[in-house]
């Protein structure tokens, strides 16, 4: 079975990046609640290339398989995360891929 990597890029509105630690803490709590949610790591953009197109922070979440990812996406607490943080964002990109 292949793991699923869920990459999320966010573009915080001006003066809202201070919410980043809260977002990480909320996602870590959700990770603890879902057995197939294996890892969650992220941080602010740090490359000198300047190819971020205004996206300020990124996350990579690892799931045991597609079913675990789907459980996360459909979980009521995931909806709460979206409701709590989407108003602070100008943009979001989510991209999933399979890997070893």
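Where a number appears in this text, it was derived from the coordinates with a stated rule and is not lab data. In this text, all values refer to a predicted model and were calculated from it rather than measured experimentally.
Could you tell me how many degrees, from 0 to 90 and to the nearest 10, lie between the Cα long axis of helix 76-85 and the main elongation axis, the longest principal axis, of the Cα atoms of the chain?
0
Take every Cα pair under 8 Å in the range 3-99 that's 6+ residues apart, average their separations, divide by the length, and report that relative contact order as a whole percent.
52
Enumerate the whole-percent occupancy of each 10 Å bin, from 0 to the last occupied one, for all C-alpha pair distances of the range 26-67.
Each 10 Å bin holds this share of Cα pairs: 25, 40, 26, 9.
Give me the one-decimal Kirkwood hydrodynamic radius in Å for the chain, with the sum taken over alpha-carbon pairs.
Every distinct Cα pair counted, the radius reaches 14.0 Å.
When the chain is fully extended, how far beyond the present Cα-Cα distance does residue 83 get from residue 100, taking 0.36 nm per residue of separation?
So the chain would gain 2.9 nm between residue 83 and residue 100.
Please identify, among 74, 58, 50, the residue showing maximal mean-square fluctuation in a Gaussian network model of the chain using a 10 angstrom Cα cutoff.
Residue with maximal mean-square fluctuation among 74, 58, 50: 50.
Enter the angle in degrees (range 0 to 90, nearest 10) between the Cα long axis of helix 20-33 and the first principal axis of the Cα atoms of the chain, meaning the one along which they spread out most.
Taking the Cα atoms of the chain, the angle to 20-33 is about 0 degrees.
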